There are 2 protein chains.
Amino acid sequence: MPGGRLFAAFVLLLAAASVEAAPRNVVLFVTDDHSPDAGCYGNPVLKTPHLDELARSGVRFERAYCTTASCSASRSVILTGLHNHANGHYGHEHAYHHFRAFDRVQSLPVLLEKAGYRTAQVGKLHVAPKEVFHFETAIPGNARNPVQMADNCQKFFSANDGRPFFLYFCTADPHRSGGVVAENEHRPNPFGNTPRGYPGVDEVTYDPQDVLVPPFLPDTPVCRAELAQYYQSVSRVDQGLGRLVQHLKAAGVFDDTLIIFTSDHGIAFPGGKTTLYQGGMTVPFIVHGPAVTRPGSVTQVMVSHVDLSPTILDFAGALPKDHQFHGRSWLKVFNQPDHENWNEVHASHTFHEITMYYPMRVVRQGRYKLIWNIAHDLPYPFASDLWEAPTWQDCYRQGPDTMYGQRTVGQYIHRPEFELFDVEADPHEARNLADDPKHAERLAELKTNLQQFQKRTGDPWELKWRYE
Amino acid sequence: MPGGRLFAAFVLLLAAASVEAAPRNVVLFVTDDHSPDAGCYGNPVLKTPHLDELARSGVRFERAYCTTASCSASRSVILTGLHNHANGHYGHEHAYHHFRAFDRVQSLPVLLEKAGYRTAQVGKLHVAPKEVFHFETAIPGNARNPVQMADNCQKFFSANDGRPFFLYFCTADPHRSGGVVAENEHRPNPFGNTPRGYPGVDEVTYDPQDVLVPPFLPDTPVCRAELAQYYQSVSRVDQGLGRLVQHLKAAGVFDDTLIIFTSDHGIAFPGGKTTLYQGGMTVPFIVHGPAVTRPGSVTQVMVSHVDLSPTILDFAGALPKDHQFHGRSWLKVFNQPDHENWNEVHASHTFHEITMYYPMRVVRQGRYKLIWNIAHDLPYPFASDLWEAPTWQDCYRQGPDTMYGQRTVGQYIHRPEFELFDVEADPHEARNLADDPKHAERLAELKTNLQQFQKRTGDPWELKWRYE
């Protein structure tokens, strides 16, 4: 064999080996109560330059969904690849709510650690028990200051012990916070914003006149005042992302790191958070790094948070053969604009707070979406922050016939057992097709689909098809 | 001082010292889904000679109540002196239900162990986590064979290491069991009875013609067939009690041992178990041993299961000063026929199974009882064993207007928000006085009482007075 060809073969071999051995770091960046409100999602007002930059060199998902629009339960889904009805984490973990995963559940950080990863979390955790959601390292940081959080991750990035890393980076922004902005006549919630700001953060403020009011919210002065606060909080997240990227680059690991940016669920307004309407289910979802082959592309591949753990484990080469996730890895398809086998997701919400029982099960198939409100006899329960939300109270006080987004206050509170929407023709879910004879066959099919999903995933509430 | 008086003083001193040092053993005997159905409670058919004997030399309570008519939650109340809405054990512990007490809760066995007791449990436990409900010793035994359970306690009784003992003895009788009695035309549930019986147990069988049908159940052939099975299961419990007493006597500790006999809640029929009607709340309650000063007496002192832990700790001289129980010790009053300050109890039920959300709060004050059905919009959820109960299905199949005890099937399933009963004039709770103008003032008072109780005991569902 001539020397040149031998050398070429050697180089090829080396390249193959280096692919095998390439650091496969992962950063999972999860924001709090955040709809896909960002420049890259078509909002010209909200300033998110770093997220937009990530999208420009990554892949942006347009049909990514949570499976439950409640912080704690959703995080348990993200970290286990199991619907919360099957991992035991039916609702909030903290205080008297006291939900937690079954001891037998194997979480993403534990599986990655077993596969040779070093693992760390910074910011909001909100899952239990600790043994199930074990991380090697807990990096300190104010979850309202993503810039500080990012700064605190520097050591973790540079402390290379030969193992790839997994960082779970969770902001508390743009969640609602305590109190009101007293100097504003509409007394909006501050969404974590404070008059003195946060060290290292350049607060970006917004004029309520400029914000875009999503159609599931009421276009009122109070709502606009609240959205301006929310925008400011989102801009803080964006700066944290920028700082994180800066540190990854400085540590020389940026190109070796898969970054997934998403939120636990949609915006903290009635109509968003806690509901499985589009305002609650739709999340920002941007993927950047080694697995991306079409930088700057947009995909219609339909994914949900149950897919996150299997995908990350797949990327890590650590997908356990004997483990039954409810989701699946989208690693081989997400660079495509669309995929016929990625056109269906399910969602399952049962509790927010322990006092807020309202089990809902959802199947989204193509353009259609069926919501089963299992406890539809009950008034829709309110997360305490949503009940107190000035935007809600402002409409609620005016009585049940007041419009709140696409429905009245009364319709928001009292829901039918089944809600069937054509999400393409009616993206804001104003027209329930469940009683429309033209859709009877589709309704029946989707009900069957839903019950099969419940059986397949061991959903205790499946029995409600038969009991009562 | 003359020798005679000195001697007398010395004897008195000795007596006082020996009272101080007297072994203060405790046996807490808890049966499963058992109403006060026994000879000593006025049932001439049901054979419970050993319980009757215990009552003849002990004190029998006629107004003793559980606080939640669900096995797991009720046991958490018994062992903590806290309502389940405050100890975190809101419902079933096992399988996917996954409820458990807060880690911070200090349970009866742990407090007794700290106070120098040796502690053991035998039979059904049904509470979690283990660390909170720690017993030094777990004595093996088939919970369906109380005689065997008692035999297995012999070593524990005789193994005197100088410490007094606490034994938590819990049968699975007379709970419903799997399957049906196939050879009986009515196919009743066997309530744990098997054709081959249990080693050491002389099965006592009953003729369905002879059983007493409580007025909250339908007097149907199916119900009678089921009650005959239930009676047989109760007689098995009684034999276990007899054997236990025999072993306590043989070990020479019977006279030094406080025995408390009760059940977790009422009989496993719709109208009993899971409800807070009298059929669910009323429990057998007999106390025997050192603290009894009027053997064979009956008391109207009104107690509930939250009083059990503080009373036992009081008896043990181990009532912690800094511990806030929801109940209180009845040790100083239970030998009296009645007591004006013991005429009120509260109850709090939220879940049976995790899928069976139906929070109810109750105040019983003298002859009046108020039930607040917080989720009254929902159909009343059925424990799976009650749903399948042949007695229920037999009525349910006949339609919503069929009588089931004192109410129709439809009324049983759909309940008003408030139910106010005069339990003395109307012991089977057939007449709801909540809408009766004559009782408007009483209703208002009891509502206030209930809300104050909820505030005082940190009940998360207190917010339902304000939200929704």
Requested in this report: Set the Förster distance to 41 Å, then compute FRET efficiency between A:Arg187 and B:Asp256 from the Cβ-Cβ distance, nearest 0.05.
Outcome: 0.05
**Report entry** Relative contact order of chain A, defined on C-alpha pairs under 8 angstrom at six or more residues apart (%)
**Finding:** 21 percent
Query raised in the report: Largest first, what is the accessible-area ranking of A:Met403, A:Met149 with a 1.4 Å probe?
Result: A:Met403, A:Met149
**Report entry** Within straight-line cross-link reach of B:Lys321, aspartates and glutamates at Cα separation under 18 Å, skipping those fewer than 8 residues along the same chain
**Finding:** B:Glu113, B:Asp307
Query - Using alpha-carbon coordinates, inclination of helix A:440-456 to the longest axis of chain A, degrees - result: 50 degrees
Report summary line: For A:Arg196, placing the label point 7 angstrom along Cα-to-beta-carbon and taking segment A:229-248, residues whose amide nitrogen sits under 20 Å are A:233, A:236
Query raised in the report: For label points placed 7 Å from Cα toward Cβ, what is the shortest-first list of nm distances from B:Gln365 to its copies?
Result: 5.6
Report summary line: Under the 7 Å Cα-to-Cβ spin-label approximation, B:Asp435 and B:Lys155 lie apart by a distance in nanometres of 6.2 nm
Report summary line: Normalised Cα Rg of chain A, dividing by 2.2 N^0.38 Å with N its residue count, works out at 0.98
Requested in this report: Determine the alpha carbon to alpha carbon distance for each of A:Lys273/B:Lys464; A:Lys369/A:Lys438; A:Lys114/B:Lys130; A:Lys124/A:Lys155; B:Lys124/B:Lys273 and list only those over 23 Å.
Outcome: A:Lys114/B:Lys130
Query raised in the report: By how many degrees, 0 to 90 and rounded to 10, does the Cα axis of helix B:3-21 deviate from the longest principal axis of chain B?
Result: 40 degrees
Query raised in the report: P(r) of the protein assembly as shown in 20 Å steps, Cα pairs, percent per bin?
Result: 13, 39, 31, 15, 2, 0, 0
Query - Solvent-accessible ranking of B:Lys47, B:Lys438, largest area first, probe 1.4 Å - result: B:Lys438, B:Lys47
Query raised in the report: Can you list, largest first and rounded to whole Å, the semi-axes you get for segment B:77-191 by taking the square root of 5 times each eigenvalue of its Cα gyration tensor?
Result: 29, 22, 9
Query - Kirkwood hydrodynamic radius of segment B:41-87, Cα pairs, Å - result: 12.9 Å
Report task. Could you state the accessible area per residue of chain B in Å², with a 1.4 Å probe and every protein chain left in place? Result -> 38 Å²
Requested in this report: Among A:Phe382, B:Ala182, A:Ser233, flag the residue with its Cα farthest along the positive direction of the charge dipole of the protein assembly as shown, charges on Cβ as +1 for Lys/Arg and -1 for Asp/Glu.
Outcome: A:Ser233
Query raised in the report: Which of the residues in segment A:358-396 show a loss of at least 50 Å² in accessible area from their chain by itself to the complete set of protein chains, at a probe of 1.4 Å?
Result: A:Asp377, A:Leu378, A:Trp387
Query - B:Gln452-A:Thr293 pseudo-label distance in nm [points 7 Å out on the Cα-to-Cβ vector] - result: 7.3 nm
Requested in this report: Could you state the orientation-averaged shadow area of the convex hull built on the Cα atoms of segment B:201-280, in nm² to one decimal?
Outcome: 6.6 nm²
Query raised in the report: Once A and B are treated as a pair rather than alone, how much accessible area drops out, both sides summed, in Å² to 100, probe 1.4 Å?
Result: 2600 Å²
**Report entry** the protein assembly as shown - percent of accessible surface contributed by carbon and sulfur, probe 1.4 Å
**Finding:** 51 percent
Query - Rh by Kirkwood over Cα pairs, then Stokes-Einstein D for segment B:246-354 at 1.002 mPa s and 20 °C, µm²/s - result: 136 µm²/s
Query raised in the report: Helix A:221-250 versus the longest principal axis of chain A: what angle, 0 to 90°, nearest 10, using Cα atoms?
Result: 10 degrees
Report task. Give, in nm to one decimal, the length gained when the segment between A:Lys249 and A:Asp207 is fully stretched (0.36 nm per residue of separation minus the Cα-Cα distance). Result -> 11.7 nm
**Report entry** Cα-based reach from A:Lys47 at 16 Å (exclusive), listing aspartates and glutamates while leaving out same-chain residues under 8 positions away
**Finding:** A:Asp37, A:Asp173, A:Asp202, A:Glu203, A:Asp207, A:Asp210, A:Asp238
Requested in this report: Could you check the simple spin-label distance between A:Ala425 and B:Arg104, using points 7 Å along Cα→Cβ, in nm with one decimal?
Outcome: 5.5 nm
Report task. Could you tell me the largest-minus-smallest coordinate of the C-alpha atoms of segment B:173-324 on each of the three principal axes, in descending order and whole angstroms? Result -> 56, 38, 28
Query - Ascending list, in nanometres, of distances separating the B:Gly162 label from those of the other copies (7 Å, Cα toward Cβ) - result: 5.5
Requested in this report: Counting other Cβ atoms within 10 Å, keep those with at most 14, restrict to DSSP loop, and tell me which trypsin sites (Lys or Arg not before Pro) in segment A:189-293 are left.
Outcome: A:Arg196
Query raised in the report: Extent of segment A:341-445 along each principal axis, from alpha carbon coordinates, in Å, largest to smallest?
Result: 42, 29, 25
Report summary line: Once normalised by the length of segment B:183-288, the mean sequence separation of its alpha carbon contacts under 8 Å that are 6 or more apart gives a contact order in percent of 23 percent
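The values are calculated or read from the model by the stated rules, or taken from the named source; none is laboratory data. None of these values were measured; they are calculated from a predicted model. We place every Cβ from the backbone using ideal geometry, glycine too, and count neighbours over all the protein chains shown. Heavy atoms of the whole protein, side chains included, go into the accessibility calculation; ligands, DNA and RNA do not. Shrake-Rupley method; radii C 1.70, N 1.55, O 1.52, S 1.80 Å.
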